[in-house]
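I have placed the structure first, in the form of structure tokens, so that the comments after it can refer back to it.
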Amino acid sequence: MKIDGTPFRSIWVDDTDRWSVRIIDQTKLPWSIDLARLTTMEGVAHAIKAMLVRGAPLIGASAAYGVALAMRADASDASLANAIAVLGATRPTAINLRWALARMQQALQPLSPAARTAAAYGEAAAICDEDVATNQAIGKHGLPLIAARAAGGRRVNVLTHCNAGWIATVDWGTALAPIYMAHDAGIDVHVWVEETRPRNQGASLTAWELGKHGVNHTVIADNAGGHMMQRGDVDLVIVGTDRVTRAGDVANKIGTYLKALAARDNGVPFWVALPSSTIDWTISDGLADIPIEERAASEVTTMTGRALDGSIATIRVVPKDSPAANPAFDVTPARLVSGLITERGLCDANEFALREMFRDIA
Ligand code: MRU
């Protein structure tokens, strides 16, 4: 995608500076576009934990480059094992992290230490390139869902939650890929962007992305989505996901489940876009088996934004003695999911359909 006319990916290697890894620091968006430089595996682990990079596919791609940086410093077996352990412990819910680390380990373990650094950069680059192609395919398969509702030049209203756009992946995004393609095809698409408290990925990141691409959008409070559906103002919901079980249960940003319930009550289709690297074939029951990240209470008790004087300020919005809880994801049962938009096509959210579509990897 482009930022002010310049093509960007969310992560890349700087071969002019000792093969360091460059990212867009997402904690600074939408106020400024800060490019951070990561030079160590520990730096990558911090960037994932502190959410300078976030979104399931980008977390996986970042971890892959974290392994490459570890190999550059020390390509021994012990260093490889340590990198996999440290990076694997950064965030618990997005399965793409474990998927990418397993792929790196499989590629590097059989090699001699002398061969590992180049191979690690190569494998990480392949993960990134494949992510871009995968998301383009997701966009292509999801586009007809929007196009079908655009008959006669009618505006199509899509509601999304959190950020599953190009900066949550390497490029294009998952849930936003069909929207970008619809917009580029001249379809009048408008997006209801839920703010996504507590970290405001919708208000800060999705709105920023859509705005940069010229896509019509309106930010709404998280609590407004159901009301919009009742009024007939939502044609379909498309969200991303951090982990899908083999039975089609979907973990996504906290608040997604409530939108799925409202969508079912109002007959609004509820679609989930994902690359196959987000499917966890080892588990079936999402509620029982997907680990839900519990983040700091301070994300709930405070809000960060730009003050009227232009400075970035964090303010407390909860009484000082009130405790807060912060589960970062929830699970939407497969029965509430209209279907999955994958790189291989549209798929029902159940084990039979998923196994049929992904026979070779299931
Ligand atoms: O906590 P985050 O910002 O890493 O969570 C990301 C999400 O939950 C997104 O909504 C997304 O759909 C998954 S990544 C494409």
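Please treat every number below as a calculation from the coordinates, not as lab data. Bear in mind the structure is a predicted one, so any value in this text is a computation, not a measurement. Ideal geometry is used to build each Cβ from the backbone, glycine not excepted, and the neighbour counts take in all protein chains shown.
Toward the positive end of the charge dipole of the chain, with +1 on the Cβ of Lys and Arg and -1 on the Cβ of Asp and Glu, the farthest Cα among Gly165, Ala150, Leu69 is that of Ala150. The helix-only estimate of mean residue ellipticity at 222 nm for the chain, built from DSSP H runs of length n ≥ 4 each weighted as -39500 (n - 2.57), is -11500 deg cm²/dmol after division by the residue total.
Which residues in segment 78-103 place their backbone N less than 16 Å from a point set 7 Å from the Cα of Thr40 along the Cα-to-Cβ direction? What the label zone holds, given the 16 Å backbone N cut-off, is 79-80, 82-84, 86-87.
Full extension of the segment from Ala126 to Ala313, taken as 0.36 nm per residue of separation minus the current Cα-Cα distance, would add 63.4 nm. Couplings 3J(HN,Hα) for segment 335-346, derived from phi with the Karplus relation 6.51 cos²θ - 1.76 cosθ + 1.60 (θ = phi - 60°), are 5, 9, 9, 5, x, 10, 9, 10, 5, 9, x, 7 Hz, where x marks Gly and Pro. Roughly what angle does helix 77-88 make with the longest principal axis of the chain, taking Cα atoms, 0 to 90 degrees, to the nearest 10? That works out to roughly 20 degrees. Taking packing as the residue-averaged number of other Cβ atoms within 10 angstrom, the listed peptides 219-227, 10-18, 80-88 run from highest to lowest as 80-88, 219-227, 10-18.
The relative contact order of segment 1-56 comes to 25 percent, based on Cα pairs under 8 Å that sit 6 or more residues apart. Residue separation of Asp289 and Ala81 scaled by 0.36 nm, minus their Cα-Cα distance, works out to 72.3 nm of gained length. Sorting the segments 231-242, 341-352 by their residues' average number of neighbouring beta-carbon atoms within 10 angstrom, most packed first, yields 231-242, 341-352.
For Ala353 and Arg18, the FRET efficiency from 1/(1 + (r/R0)^6), where r spans their Cβ atoms and R0 equals 35 Å, is about 0.15.
The string of couplings for segment 15-26 from the Karplus curve (6.51, -1.76, 1.60, θ = phi - 60°) is 7, 8, 9, 6, 6, 6, 10, 10, 9, 8, 6, 6 Hz, one whole number per residue in order, with x for Gly and Pro.
Taking 7 Å steps out from each Cα toward its Cβ at Gln106 and Ala147 produces label points 3.4 nm apart. Legend: calculated FRET efficiency, Asp321 to Lys2, from the Cβ-Cβ distance at R0 = 51 Å, rounded to 0.05, equals 0.60. With the simple spin-label model, which puts each label point 7 Å out from Cα in the Cβ direction, the Leu346 to His227 separation comes to 3.1 nm.
If I take every Cα pair under 8 Å that is 6 or more residues apart in the chain, average their sequence separation and divide by the length, what percent do I get for the relative contact order?
Averaging sequence separation for qualifying contacts and normalising by length gives 15 percent for the chain.
Over all directions, the average projected area of the alpha-carbon convex hull for segment 1-158 comes to how many nm²?
11.0 nm²
In summary, the convex hull built on the alpha carbon positions of segment 119-257 has an orientation-averaged projected area of 9.4 nm².
Share of antiparallel DSSP beta bridges in segment 140-357, in percent to the nearest 5? Please list the in-between numbers first.
Values: 15 of 35 bridges.
Around 45 percent antiparallel, to the nearest 5.
Normalised by residue number, the volume inside the convex hull of the Cα atoms of the chain is 146 Å³ per residue. Look at the dipole of the chain built from charges on Cβ: of Cys128, His141, Gly286, the Cα furthest out on the positive end belongs to His141.
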